[in-house]
Amino acid sequence: MSNRDKILSAVKQNQPTLVSLPEVAQFDKYFTESITEFKKVCEGIGATLHFTDSYESIILLLEEQFATARPVVTSIPELAAINSSSAIFNSPQEYENIELVVIKAQLGVAENGAVWITEADVLERALPFITQHLAVVLHKDMLVATMHDAYKLIGKDNYGWGTFIAGPSKTADIEQSLVLGAHGPRTMTIFIMGTLL
Amino acid sequence: MNAKKQDHAALSEIFNKDEERVNWHDETLWWVRQKRDKAAFGVPEWEALRETASAIKHHTLSNLHDYLTTFEQKAVENGIVVHWAAGAKEHNDIVLSLLNKAGTNKMMKSKSMLTEELHLNEFLKEQGIETIDTDLGERIVQLLEEPPSHIVLPAIHRKKEEIGALFHIHLGTPEGNADPKLLTYAARLNMRDVFLTRKVALTGVNFAIAETGEFVVCTNEGNADMGAHLADIHIASMGIEKLIPQRDHLAVFLRLLTRSATGQPITTYSSHFKTPRKGKEIHIIIVDNGRSVQLGREDFRASLKCIRCGACMNTCPVYRRSGGHSYHNSIAGPIGAILAPNLDMKEYADLPFASTLCGSCSNVCPVKIDIHQQLYKWRQIIVQEGYATPAKKAAMSGMNFVLSNPGVFRAAGKAGRWVLRHAPYIAANKFDPWYKHRELPQAPKASFNEWYRKNREQHE
């Protein structure tokens, strides 16, 4: 008998009597899609937030905050002006020296500060990890309260790969001391689009 | 290995020689437990979420055969190669054959407790394959040539000065520098080269989704993603218990996992892998290694609900004061103590006794595993099967004799009280484990029985 059949027949024989799948309850709306709440949580996990109403202002802010960060790569057409080069990268390894990556986030989650990104938003899956600094642009209407709401929006989307990103990469593996910038980006900046404050 | 032969009590004794370190270990883990509390109390529906997660897992286990075959079918449709491994040998051989096929003798690996359980690194080393653990904590213990002492915080038993000295030797950091920021940055620079050059990356799996054939890997460091997205071949090793039915169930589990583990609202990265990159490969190895047997043990099958958050370790008064290595098992703490006897009852007969049965583990478990009840039930089976230590067996049969003979019981009680009052040194010595770190109580002059009879006579 193959390993597969051996495992499956043992599982079938030993699994308990079928019990039904529970419904996931609609929890009371304690968490809301509040931008101020989202900002607070994001800052708590080491990200920086900016409210903005145009791509022009994002470019100005990026040029100010990341003046020396070169090269820059963005997959957002409206920000194409900040791309350091129009070179085509043939492998993810070629992104090795990228300093700043700017991508679109599909949605943000107020309860935990995570943003959802899929393959459609990046040129290479490695891009949001290999860069030294990551910036994402999120439309304010795409903010949801909880993870339940997030998966409702994601639905049956047929992505090949997708990820929730919550702040810069981090570790506390040395005596529980929090250090930002483990193997992924050292900073994360979130631009909330469509807000005038 | 000689250390293998020592049981939890003996290994704890070694750990307890350095009292200052024990206190530091205890306080550090309690601090993590407090962060967990803060995060959990911030979610009003926390208890409902635990209940739901537990029920989803129960349902999944009751239909595991079908969920496994559905998952396989969907994953294959997504272009993933699915392998099945009954045990360590089969799993490790599959990994080796994939490395051979790729023509490389170098692998990078993000955190996978399953591969610790299957002793993959040691096996590959014997075959001339170099594996580099990319998680910082795992890299630290790998360089120290020790196993992780905690499933989420692998190097929690080590002080920064020790890590500084280690990195000075291996990564050339300045001698005497123990700054966590500097050490982390040195590891980051060193690991970049590993990520950029290795062709095969192995990751663990936190959740596998039956309806879509995708799987989710959670990290804070980004090391799983760095490896998987830069390698030509991504191998994902998972136990059969990692299945959940639907994608939207991830909401329940991702809300619970990291809040329980470290008190963060979610890990930095929760990556959902569904198809390989163009021209690249993803291989999933589905591993049994005793899990289907545990599934058949009615009293213990709930242990398969575990999502590996480590909350039961952080809260455990025994784990915090004995250290992860005292459990001589890839998974330490209360959950390790209920999983290990299933794999080898004789080898791990001591672990269910490494507990006060206080129940704190069950109270923090995000999937509501009745951990302390299972510890208690394992004790009974271990004694029945004859795996208790000779001293414990002798003590138990002595107790049995005394407690089932009222005359003997009264005489023994009298003798015990006399000894404690007149010659305490007979009981209070180093041969009595109960005397360790404890003072014996003041013995009463009479037993309750004697007192009651006397008082009754007076009042009649």
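The values are calculated or read from the model by the stated rules, or taken from the named source; none is laboratory data. Since the model is a prediction, treat every value here as computed from it, not as a measurement. When we count neighbours, we look across all protein chains shown, and the Cβ atoms used for this are built from the backbone with ideal geometry, even at glycine. The area values use the complete protein model at the heavy-atom level, side chains included, leaving out ligands, DNA and RNA. Shrake-Rupley method; radii C 1.70, N 1.55, O 1.52, S 1.80 Å.
Tell me, what does the Kirkwood hydrodynamic radius of region A:33-193 come to in angstroms if you use every pair of distinct C-alpha atoms?
For region A:33-193, the Kirkwood estimate is 16.1 Å.
Put +1 on the Cβ of each Lys and Arg and -1 on the Cβ of each Asp and Glu in region B:43-289; which of B:VAL152, B:VAL205, B:LEU182 then has its Cα farthest toward the positive end of the dipole?
Farthest towards the positive end: B:LEU182.
Using just the alpha carbons, could you tell me how many Å³ per residue the convex hull of the protein assembly as shown encloses?
Value for the protein assembly as shown: 194 Å³ per residue.
Would you mind giving the three semi-axes, in whole Å and largest first, of the ellipsoid equivalent to chain B according to its Cα gyration tensor?
Semi-axis lengths for chain B are 46, 26, 21 Å.
How many partner chain Cβ atoms sit within 10 Å of a residue's Cβ in peptide B:221-233, on average, as a whole number?
Partner-chain Cβ atoms within 10 Å, mean over residues of B:221-233: 6.
Give me the inter-chain shielding for A:23-29: mean count of other chain Cβ atoms within 10 Å, whole number please.
Across the residues of A:23-29, the mean count of other-chain Cβ atoms within 10 Å is 4.
Taking 8 Å as the Cα distance limit and 6 or more residues as the minimum spacing, I'd like the relative contact order of chain B as a percentage.
Averaging sequence separation for qualifying contacts and normalising by length gives 20 percent for chain B.
Total Å² of accessible surface buried at the B-A contact, 1.4 Å probe, nearest 100?
Buried surface at the B/A interface: approximately 6900 Å².
Over region B:43-289, what percent of the accessible surface lies on carbon and sulfur atoms, probe 1.4 Å?
Roughly 50 percent, rounded to a whole number.
Rounded to the nearest 20 Debye, what is the dipole magnitude of the protein assembly as shown about its Cα centre when Lys and Arg each give +1 and Asp and Glu each give -1 at the C-beta?
Value, rounded to 20: 2340 debye.
Which one of B:LEU351, B:ALA427, B:ASN329 has its Cα pushed farthest toward the positive end of the charge dipole of region B:301-460, where Lys and Arg give +1 and Asp and Glu give -1 at the Cβ?
Value computed over the given set: B:ALA427.
Given all pairs of different Cα atoms, what value in angstroms does the Kirkwood hydrodynamic radius of region B:401-459 take?
About 13.1 Å for region B:401-459.
When a/c reaches 1.5 or more, the comparison of a/b and b/c decides; with that in mind, is region B:43-289 rounded, prolate or oblate per its Cα gyration tensor?
It is oblate, given that a/c is not under 1.5 and a/b is not larger than b/c.
Once amide H atoms are built 1.01 Å from N in the peptide plane, which residues 5 or more positions from B:ALA332, or in another chain, come under 5 Å H to H?
B:ILE151
With all protein chains present, how much of the accessible area of region A:46-126 (probe radius 1.4 Å) comes from carbon and sulfur, to the nearest whole percent?
49 percent
Under a Cβ-Cβ cut-off of 14 Å, what is the net charge of the residues other than B:ALA395 that fall near it, where Lys and Arg count +1 and Asp and Glu count -1?
That sum, taken over residues with Cβ under 14 Å, equals +2.
Which whole-Hz ³J(HN,Hα) couplings does region B:439-451 yield from phi under the Karplus relation 6.51 cos²θ - 1.76 cosθ + 1.60, θ = phi - 60°, glycine and proline marked x?
Result, ordered by residue: 9, 6, x, 5, 7, x, 6, 10, 7, 4, 4, 5, 4 Hz.
Can you give me the angle between helix A:55-65 and the longest principal axis of chain A, using Cα atoms only, in degrees from 0 to 90, rounded to the nearest 10?
80 degrees
Taking Cα centroids, how far is region B:70-137 from region A:1-69 in Å?
Their Cα centres are 27 Å away from one another.
Run the quick spin-label model on B:GLN127 and B:TYR425: label points 7 Å from Cα toward the beta carbon, then report their separation in nm to one decimal.
Between B:GLN127 and B:TYR425, the label points sit 6.3 nm apart.
Restricting to the protein assembly as shown, compute how many DSSP beta bridges are antiparallel as a %, nearest 5.
30 percent
With every protein chain left in place, what is the accessible area per residue of region B:43-289 in square angstrom, probe 1.4 Å?
30 Å²
Averaged over peptide B:246-255, how many Cβ atoms belonging to another chain are found within 10 Å of each residue's Cβ?
Mean number of neighbouring Cβ atoms from other chains: 6.
Please list, in order along region A:128-141, the HN-Hα scalar couplings obtained from phi with the Karplus expression 6.51 cos²θ - 1.76 cosθ + 1.60 (θ = phi - 60°), rounded to whole Hz, x for Gly and Pro.
Once rounded to whole Hz, the list reads x, 9, 7, 6, 6, 9, 10, 10, 10, 10, 10, 6, 4, 6.
Please give the peptides B:72-85, B:392-405 ranked by average Cβ packing (other Cβ atoms within 10 Å per residue), highest first, as a rough proxy for protection.
Highest mean packing first, the order is B:72-85, B:392-405.
Using alpha carbons only, how many angstrom separate the centre of region B:282-343 from the centre of region B:18-57?
A separation of 17 Å, based on Cα centres.
Under unit Cβ charges (Lys, Arg +1; Asp, Glu -1), what dipole magnitude, rounded to 20 debye, does region B:389-448 have relative to its Cα centre?
Using only the charged Cβ atoms, the result is roughly 40 debye.
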